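See below for the structure under consideration.
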Amino acid sequence: MSSVKISPSILSADFSKLGSEIKDLEKAGADLIHIDVMDGHFVPNITIGPEIIHKLRKYSSLPFDVHLMISPVHDFIKNFAQAGADIITIHPEATDNLNDSVKKIKSFNKKAGVSLNPETPVNKVIPVLNLIDLVLVMSVNPGFGGQEFIDSSLDKVKQLRQEIDNRKLKVQIEIDGGVSFENSMAIKNAGANILVSGNTIFKENNGNLKKNIQLLRTN
Ligand code: DX5
Ligand code: ZN
């Protein structure tokens, strides 16, 4: 599990200065930048859209890990691809045809992710597992940062790890929500390779980004 990647969520950043926040995350050793897009319909919160992502693009060369919590998502995929997303992750509940939406993401040469809400079973992603680059396991109900980690998501990570390894696929497993210094070890041991974190990275140790990223990586 030495190659775990850290994808800080800018949901916990200062939205009035996202450009410099992203620069700081890159300097602090982040591997990816996790960008939560919410529409007030699929989830009970509203964040940012493609125009802001496009404007942020020049502040970092790190991959933009764009988590779309919008429904219906299909017709917006192009906008996020053109805005500079590198990974586009969607929820199965947000599209009529998961296969078509995944293929659309891939048609723009972007990495495709599928996200599973806490109540969404692993079998929802199985039909497209050979087409995608990552599975994003939600360990909180999406919508807000700073929520408590739902322990049963570890079972989901283990189940996915087994399936992915058995089939010799290269799909990454990313976990999102309530990741802390206390649970990061268990998450890695369960088989996740990318940890998303908002509150822990921006709020712990007086917001020492470098220290917090390092601790999540090594804990
Ligand atoms: C929740 C978002 C998460 C969130 C994680 O809907 O998808 O990315 O920002 O934040 P923390 O780490 O604070 O739970
Ligand atoms: Zn997210």
Original post:
When residues of segment 155-194 are filtered for being touching a Ser or Thr at 6+ places or on another chain (Cβ under 9 Å), of a type in the set (S, T, N, Q) and more than 16 Å from Thr89 (Cβ to Cβ), how many remain?
Top reply: 3
**OP:** Starting from residues that are in contact with a Lys or Arg (Cβ under 9 Å, 6 or more places away or on another chain) and basic (Lys, Arg), keep the ones in segment 161-219 and report whichever is nearest to Leu68 (Cα to Cα).
**Re:** Arg217
Subject >> Leading residue by the ranking (most open to solvent (accessible area, probe 1.4 Å)) among those in segment 193-207 that are in a helix (DSSP H, G or I) and within 16 Å of ligand 1 (Cβ to nearest atom) >> reply: Lys203
**OP:** Could you tell me whether segment 65-81 includes any residue that is under 30 Å from Ser180 (Cβ atoms) and open to solvent by 40 Å² or more (accessible area, probe 1.4 Å)?
**Re:** no
Original post:
If we scan segment 146-156, do we find a residue that is more than 14 Å from the chain's Cα centre (by Cα) and among the aromatic types (Phe, Trp, Tyr)?
Top reply: yes
**OP:** For residues that are at negative phi and within 16 Å of ligand 2 (Cβ to nearest atom), scanning just segment 178-192, find the one that is surrounded by the most Cβ atoms within 10 Å (Cβ to Cβ).
**Re:** Ala192
Original post:
Taking the stated definitions as given, is Phe149 in a loop (DSSP other than H, G, I, E, B) and open to solvent by less than 40 Å² (accessible area, probe 1.4 Å)?
Top reply: yes
Subject >> Candidate set from segment 118-133 (those that are outside any helix (DSSP H, G or I) and either in contact with a Lys or Arg (Cβ under 7 Å, 6 or more places away or on another chain) or away from ligand 1 (no atom under 16 Å from the Cβ) (or both)); member that is farthest from Lys5 (Cα to Cα) >> reply: Pro121
**OP:** Return the only residue of Lys158, Lys168, Lys211 being within 18 Å of Leu136 (Cβ to Cβ), open to solvent by 40 Å² or more (accessible area, probe 1.4 Å) and more than 16 Å from ligand 2 (Cβ to nearest atom).
**Re:** Lys158
Original post:
Does any residue in segment 74-101 that is of a type in the set (Asp, Glu) come within less than 6 Å, Cβ to Cβ, of a residue that is at pLDDT 95 or above and open to solvent by less than 60 Å² (accessible area, probe 1.4 Å) six or more places away or on a different chain, and which pairs are these?
Top reply: Asp86/Pro63; Asp86/Phe64
Original post:
Which one of these is on the phi < 0 side of the Ramachandran plot and open to solvent by 60 Å² or more (accessible area, probe 1.4 Å): Lys23, Lys104?
Top reply: Lys23
**OP:** Check Leu136, Leu160 and return the single one that is more than 16 Å from Arg217 (Cα to Cα) and in a helix (DSSP H, G or I).
**Re:** Leu160
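The values are calculated or read from the model by the stated rules, or taken from the named source; none is laboratory data. As the structure is a computational prediction, the values presented were derived from the model and not from experiment. Glycine gets a Cβ as well: all are built from the backbone with ideal geometry, and neighbour counts include every protein chain shown. Only protein heavy atoms, including side chains, enter the accessible area calculation; ligands, DNA and RNA are left aside. Shrake-Rupley method; radii C 1.70, N 1.55, O 1.52, S 1.80 Å.
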